[in-house]
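First the structure, in the form of structure tokens, and then the observations on it.
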Amino acid sequence: MRSRVIAVMAAAAAATAVLAQPAHAAPLVDGVYRFAALQDGQCLTYPKPGGYRGAVSLGDCTDNANTSANWQVRQRPNGTMEVSTAGSNPRTCLSLNDDYRVAANNCAGRYAEWTVSIGSAGPGSVVWADIEHTPSDGSGSWGKLVDDAGVTGRIVVRRAPIEPHFWTPQQVG
């Protein structure tokens, strides 16, 4: 009897631990989103003037003359996702530089390949997005998109293993 009680208690503890951990979901459905940092409510933004290219930073979550917080998310044929600047022509995408800084740049190539998943810790919990750089060649540039508190407005990809950084996705339109 005692071993049965211990087994039931162990199973209950394991179930509670599973519920307490954020669960990753399927990739975000194609659409236009804003990604807000959970800490301060600022959004992942890109510059609008000059063809939608340049450094990606944290900024206001509304469109203005200089930046936009809207991102078009689409599945690529190879299973990764493209996160492009909504309205750019020619299209520019969230991409990675050699020094792991994130910019809006050319959509071609492995440096513009991402996995974007959504999840929640359960009912009543915040819904978050997890944005990972996951090139199809499995190169060492894998990592998660984070905002670096030590550098104002700099967005970087940190290499594994790192703690995930979650963004609140807001569907636009």
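The values are calculated or read from the model by the stated rules, or taken from the named source; none is laboratory data. Given the structure is predicted, the values throughout are model-derived calculations rather than measurements. Cβ atoms come from the backbone with ideal geometry, glycine included; neighbour counts cover every protein chain shown. Just the protein is used for accessible areas: all its heavy atoms, side chains included, with ligands, DNA and RNA removed. Shrake-Rupley method; radii C 1.70, N 1.55, O 1.52, S 1.80 Å.
Residue separation of SER120 and SER136 scaled by 0.36 nm, minus their Cα-Cα distance, works out to 3.1 nm of gained length. Under the simplified labelling scheme, the ASP98-ARG74 pair shows an inter-label distance of 3.0 nm, with each label point 7 Å from Cα along Cα→Cβ.
Might you tell me the accessible area per residue for the range 30-113, computed with a 1.4 Å probe and given in Å²?
Working: 3780 Å² over 84 residues.
It amounts to 45 Å² per residue over the range 30-113.
For ARG76, the residues whose modelled amide H falls within less than 5 Å of its own, excluding neighbours fewer than 5 places apart on the same chain, are MET81, GLU82.
For the range 88-133, what does the relative contact order come out to in percent, with C-alpha contacts under 8 Å and a separation of six or more? Show your work: numbers first, answer last.
On the way: 62 pairs, mean separation 12.7, N = 46.
With pairs under 8 Å counted, the relative contact order is 28 percent.
If I take every Cα pair under 8 Å that is 6 or more residues apart in the range 29-126, average their sequence separation and divide by the length, what percent do I get for the relative contact order?
Numbers: 197 pairs, mean separation 21.2, N = 98.
Averaging sequence separation for qualifying contacts and normalising by length gives 22 percent for the range 29-126.
FRET efficiency for the ASN89 to ALA55 pair, using the beta carbon distance and R₀ = 30 Å, is estimated at 0.90. Sequentially through the range 28-38, phi angles give Karplus couplings (6.51, -1.76, 1.60; θ = phi - 60°) of 4, 5, 3, x, 9, 9, 10, 10, 9, 5, 5 Hz, Gly and Pro residues having no value and appearing as x.
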